[in-house]
Amino acid sequence: MSETPEPTKAHFRGDVTVDLVKHAASDSDVLFAARVSTAGEQSLEEVTKDPERSKGLVNFLMRDRHGSPFEHNSMTFFISAPIFVFREFMRHRVGWSYNEESGRYRELEPVFYVPGESRKLIQQGRPGKYEFVEGTPGQHELTSRVMEESYRRAYDAYQEMLGAGVAREVARAVLPVGLFSTMYATCNARSLMHFLGLRTQHELAKVPSFPQREIEMVGEQMEAHWARLMPLTHAAFNKNGRVAP
């Protein structure tokens with residue numbers, strides 16, 4: 001008979017992290033791809049010698065939805081977030097590649113998501129026309145306490161099964177979607193713009209979106225990295241209503 005393990009100290013987080021681990025992405029990638037149709041192959045100096053012309057071309061492509069020039073680049077992000085965020089994330093398939101850590105091959109760490117104090121808790125209104133509002137201090141206390149207790153029980157059960165020799169791929173079934181996972185996500189600027197158009201709220205967006213806050217937190221960090229790499233493209237995206245070309 002196996003011994004019941006000591007309760008594990010769990011770690012609770014209310015944030016997500018996004019690191020840009022590698023990239024081949026710049027506004028010049030868009031310019032090269034667009035100008036080959038009329039000028040053939042050009043040098044970097046030729047492509048970038050007129051900043052105002054470059055800005056105008058990128059804006060024209062975005063405005064008139066000539067999308068393919070925005071695909072000739074690549075960004076790879078390392079994302080740490082709750083599993084339920086990744087389940088939403090993987091609805092985005094065109095132009096994306098994913099590799100997530102596996103509970104079959106490694107023991108999963110006891111890191112769990114608990115909403116921070118700024119996370120709105122209360123949903124009001126009918127489906128398709130609802131809003132979230134602040135929770136009371138009592139509701140925040142209840143949410144944190146119940147989630148933490150549930151997470152501890154689930155992870156203790158996971159450890160008990162592992163201690164008895166149950167395979168990791170079976171034992172992981174007791175773990176909740178609030179467990180943190182990690183993944184590499186690779187995309188191009190066009191696919192990222194489609195993601196941001198749906199998964200972030202923004203005052204400049206022509207088409208309103210109502211993302212779950214946790215995936216929006218990921219999107220905001222990805223956008224900040226992308227904006228530094230491709231400032232002309234990012235500015236054109238905002239100028240034209242945050243609609244992907």
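For this structure, a couple of remarks:
- Net charge of neighbours whose Cβ lies under 13 Å from the Cβ of R63, counting Lys and Arg as +1 and Asp and Glu as -1: +4
- Partner lysines for K55 [C-alpha distance under 20 Å; skip if fewer than 8 residues away on the same chain]: K239
- Among beta bridges from DSSP that stay inside the chain, the antiparallel ones total about 90%.
- Cα gyration tensor shape for the stretch 58-174, rounded if a/c is under 1.5, else prolate or oblate: oblate
- Longest to shortest principal axis, alpha-carbon extents of the stretch 173-245, angstrom: 46, 25, 17
- Added length on full extension, which subtracts the Cα-Cα distance from 0.36 nm per residue, T17 to A235: 76.1 nm
- Under the combined filter of DSSP loop state and at most 11 neighbouring Cβ atoms within 10 Å, the stretch 191-228 retains these GluC sites (Glu not before Pro): E203.
- Amide H contacts of A81 (H built 1.01 Å from N, under 5 Å, at least 5 apart or other chain): S181
- Loop chymotrypsin sites (Phe, Trp or Tyr not before Pro), the stretch 170-243, which have at most 16 other Cβ atoms in a 10 Å radius of their Cβ (DSSP): none
- Kirkwood hydrodynamic radius computed over the chain comes to 20.5 Å, based on all pairs of distinct alpha carbons.
- In terms of packing, defined here as the mean over residues of other Cβ atoms within 10 angstrom, the peptides 130-136, 75-81, 59-65, 151-157 line up highest first as 75-81, 151-157, 59-65, 130-136.
- 10 Å binning of all Cα-Cα separations within the stretch 122-236, expressed as whole percents from 0 upward: 10, 27, 26, 26, 10, 1
- The stretch 95-151: C-alpha gyration tensor shape, a/c 1.5 cut-off, then a/b vs b/c: oblate
- Paramagnetic reach from E101 (point 7 Å along Cα→Cβ, amide N under 15 Å) across the stretch 51-76: none
Coordinate-derived values only; no laboratory data. Owing to the predicted nature of the structure, the values given are computational and were not obtained by experimental measurement. Don't worry about glycine lacking a Cβ; one is built from the backbone with ideal geometry, like all the others, and counts go over all protein chains shown.
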